[in-house]
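Following: one structure in structure tokens, then a few remarks.
Read the figures in this text as sums done on the coordinates, not as results from a lab. Note that the structure is predicted; figures quoted are calculated from it, not measured. Glycine also receives a Cβ, built like all others from the backbone with ideal geometry; neighbour counts cover every protein chain displayed.
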Amino acid sequence: MPRLVPSLSARQRRRALGQVFTPRLVADFMARWVCARRPERVLDPALGEGVFVDAVEALARRSRWSPRIDSFEVDRTVARSQSGHDCRLLTIRWEDFLLADIATHYDAIIANPPYVRHHELEYGESVLRRIDALAGRRLSRATNLYGLFLVRIASLLAPGGRAAIITPAEWLNAEFGVTLKAFLLERNLIDAMIQFDPSLLVFHGALTTAEIVLLRRGRREGDSIRLMNIKTLDDLPAVNLRGARCVRRDDLDPTRKWSPLFDAARAATPAGRSARTRDAHAATGAAMRLGDVATCSRGIATGANTFFALRESERCKWKISLADLRPCITKAAQLRERQLDAVALRRLVERDERILLLHPRRPLCPAMKRYLAHGRSLGVDRRHLPSHRPVWYMPENRPPAPILIAVFSRGEFRVVWNEARAMNLTAYHGIYPRASDGDGADRRKAKQLFKYLCSAAGQRAIALHRRVYGGGLYKLEPRDVEAVEIPNGLMGTK
């Protein structure tokens, strides 16, 4: 776990520990499922404010049974919130769940593991190797803390035991999730997966889509995995998993993204190895990937956009020649149409948008020398990215991309034909079709790719590879774009 500095505020402390608390409606649903058979031993490995213990105790009182509840917590500042629990049922161990010696196996485990990213973890390699041993494979070292919790939770289930774990849904699509999915499929532990609508912010203050995975030890070989979407928290009390869509375990491929499983528009299509999946991916004749015919690159990162990207008014103020600047799209909102041409670029200049990227000629002219001296006075040359360049004031030099695609979206991803040959910062990725037969033929092929990505079929193909965040937000990384299926022969390549 990350080290805690005594002077941290309560908010900073929660962030450092990855504490994102669970709404009571969610806790009640999870408790009902894990406690359906009145378990004798219950585990909450990340106690927090105790909402899961509250939910289990409420069920126990109504049903007149007395389970033993073990819990783990590293933050003693939450101790005051535990005074209302039934001390006859609850045992709190003030230690790290991943490091603790645990001899017991549990009939029920209910958890909202801490959300701490891998680069903030301070576990030694020996701890990670112990988790690897539980999983029977080497986990990615980019696995976030909740992924490590998931493996240890699964290892502590008694025969017939149940676990309900709520986490961000990112592991369903992320590369580090491949080994987690393979582990859970191999052990035949996944009974159901429930994903909350991306527009629903389940975790207060966290822009992430939430997902509940229900595990059960002792599933039969042919048991299906149930999948369900939840639109609002108010739907949870009435949820009946018997009405969920079912997929076969053998139809799920851990190397593929699983978020499309929950896409209502593709409700009949598992994302896996089956013939149904191949047919779905080939709905438009898809047999190739975009990466077979093009590369996708992130936009240019300047390290100080307000210095390196100028407005026309700033250019005039500093008397900088246009020959020392390149047109550049710096914000997603600057592009509203499918094509960026000279007319659209001129409108951005007239609106005094920040679209002129610094690209000084050698030798430097007096006006440029004055502007760079101004940058040094602001400390721009000492910032991380500029200070690591061979020449601090020269952003990355690359050709303009013929096709731009937005990094973030709340619906379809904007795809733009870059007729004006403008550069792009990180709000857009650049798509570079590979050269083959000469400028004219290459331009026609690039235009075909652009039109496909703009089409309904192309947008459906893109949606299969998007990353899902909270609040209805989607994201694409360059490798996601390169994984998009395209029709065989779209650009004259088979």
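Numerical summary
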| item | result |
| --- | --- |
| C-alpha center-to-center spacing [the stretch 208-251, the stretch 296-349] in angstrom | 47 |
| Percent RCO, i.e. relative contact order, over the stretch 10-273, from Cα pairs under 8 Å lying at least 6 residues apart | 17 |
| Pairwise FRET efficiency - Val239 versus Glu49, Cβ, R0 = 35 Å, nearest 0.05 | 0.90 |
| Added length on full extension, which subtracts the Cα-Cα distance from 0.36 nm per residue, Ala100 to Ala323 | 73.9 nm |
| Computed FRET value (nearest 0.05) for Ala133 with Ala58, which takes r as the C-beta separation and R₀ as 35 Å | 0.40 |
| Contact order normalised by residue count of the chain, Cα under 8 Å, 6+ apart, percent | 13 |
| Partner aspartates and glutamates for Lys231 [C-alpha distance under 15 Å; skip if fewer than 8 residues away on the same chain] | Asp197, Glu211, Asp263 |
| Förster-model FRET efficiency, 22 Å R0, Gln339 and His359, C-beta, rounded to 0.05 | 0.40 |
| Percent of beta bridges antiparallel (DSSP, the stretch 10-273, rounded to nearest 5) | 45 |
| Cα-based helix-to-principal-axis angle, 24-34 vs the chain, degrees rounded to 10 | 50 |
| Extreme residue, positive dipole direction of the chain, given options Val468, Ile109, Thr232 (C-beta unit charges) | Val468 |
| Paramagnetic label zone (point 7 Å from Cα along Cα-to-C-beta, Leu385; backbone N under 18 Å) in the stretch 408-422 | 408, 422 |
| Label of the coordinate-derived value, Cα extents along the principal axes in Å, listed as (1) 64, 59, 44; (2) 81, 57, 41; (3) 81, 52, 43 | (2) |
| When each of Lys181/Lys475; Lys257/Lys445; Lys369/Lys445 is checked by Cα-Cα distance, pairs over 31 Å | Lys369/Lys445 |
| Rounded to 5, percent antiparallel among DSSP beta bridges of the chain | 60 |
| Overall form of the stretch 10-273 per C-alpha gyration tensor (a/c, 1.5; a/b vs b/c) | rounded |
| CD proxy at 222 nm, helix term only [per DSSP H run n ≥ 4: -39500 (n - 2.57); per residue of the chain; nearest 500] | -8000 deg cm²/dmol |
